[in-house]
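The values are calculated or read from the model by the stated rules, or taken from the named source; none is laboratory data. The shown structure was predicted, so the numbers you read here are calculated from the model rather than taken from an experiment. Heads up, the Cβs are rebuilt from the backbone with ideal geometry, glycines too, and the neighbour counts pull from every protein chain shown. For accessibility, only protein heavy atoms count, side chains too; no ligands or nucleic acids. Shrake-Rupley method; radii C 1.70, N 1.55, O 1.52, S 1.80 Å.
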Amino acid sequence: MAAPSDLPLSPSDGLEVTLAEFRRLPFDKPYLELHEGRVRQKPWRDRANSSVFGALMQVFDQYAKEQGGDGYTSIDMVFNDRDFRVIDVAYWSPDRRLDEESYATPPTAAIELTSEDRPREEFAEKCRFYRSHGVDVCWLIDPEARTAEVFEGDRDAEPIPADGALETSFMPGFSLALGDLFAVLDR
């Protein structure tokens, strides 16, 4: 398979459109997003990204089964009439259920995974965007570097120590050690 940066972009990438026009665009993979009225295609997932994504999907699904709430991956979210984002992994606590008609309820927690063909700052800005639009905590995970950052309260892109864990008071009992998460890359 070609390297992610060698794969073609959607012909819609870069177009300036309204939300209504965006919703009529043909379905593409990787998914399309609307950033401040401009179409952006999410990056292709490489092997490391896919492995970590799969592990997160399982952990969030298990947490939602045990604690209640909703856990989703690659979930479409309408934040306003100029921003339609696809969150890599999201969780809604039981007191903040996802409205599956409008897809406009911000999740309790969101995770974005970096990609080697896009600058890290682009993903950090997405986490800041999520936080400014009602998401309680966002974690930015770089599978290649095996690092994670937290965006919560006054913490903005605060690195999580290598021996640390993804934890937040918004998800009682949730703790995912980074060592355990990144162990999937050694299989």
Probe 1.4 Å, protein heavy atoms only - accessible area per residue of the range 17-82 in square angstrom
52 Å²
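Could you tell me what percent of the accessible area of the chain is made up of carbon and sulfur, with a 1.4 Å probe and every protein chain present?
On the way: 4550 of 9260 Å².
Reported share for carbon and sulfur atoms: 49 percent.
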Report, ordered by chain and residue number, the lysines lying within cross-link reach of residue 126, taken as a straight Cα distance under 17 Å and ignoring same-chain residues fewer than 8 apart.
42
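Quick one: net charge around residue 13, please, counting Lys, Arg +1 and Asp, Glu -1 for every other residue with C-beta under 12 Å from its C-beta.
Details: positive: 38, 40, 42; negative: 16, 28, 33.
Net charge in that neighbourhood comes out at 0.
Which shape class, rounded, prolate or oblate, goes with the range 108-187 when its Cα gyration tensor gives a ≥ b ≥ c as root eigenvalues, a/c under 1.5 marks rounded, and past that a/b bigger than b/c marks prolate?
Working: a/c = 2.05, a/b = 1.14, b/c = 1.79.
It comes out oblate by the Cα gyration axes.
Relative to the present Cα-Cα distance, how much length would full extension add between residue 97 and residue 82 at 0.36 nm per residue of separation? Write out the running numbers ahead of the final one.
Details: separation 15, 0.36 × 15 = 5.40 nm, distance 2.31 nm.
Answer, rounded to one decimal: 3.1 nm.
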Cα→Cβ-extended label distance, 7 Å offset, between residue 183 and residue 12, nm:
4.0 nm
Which of the following values of mean projected area of the Cα convex hull in nm² was calculated from the structure shown: [x] 11.4; [y] 10.7; [z] 9.8?
[y]
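Net charge near residue 135, counting Lys/Arg +1 and Asp/Glu -1 over other residues with Cβ under 12 Å of its Cβ?
Numbers: positive: 85, 96, 126, 128, 131; negative: 112, 136, 152.
Net of charged neighbours comes to +2.
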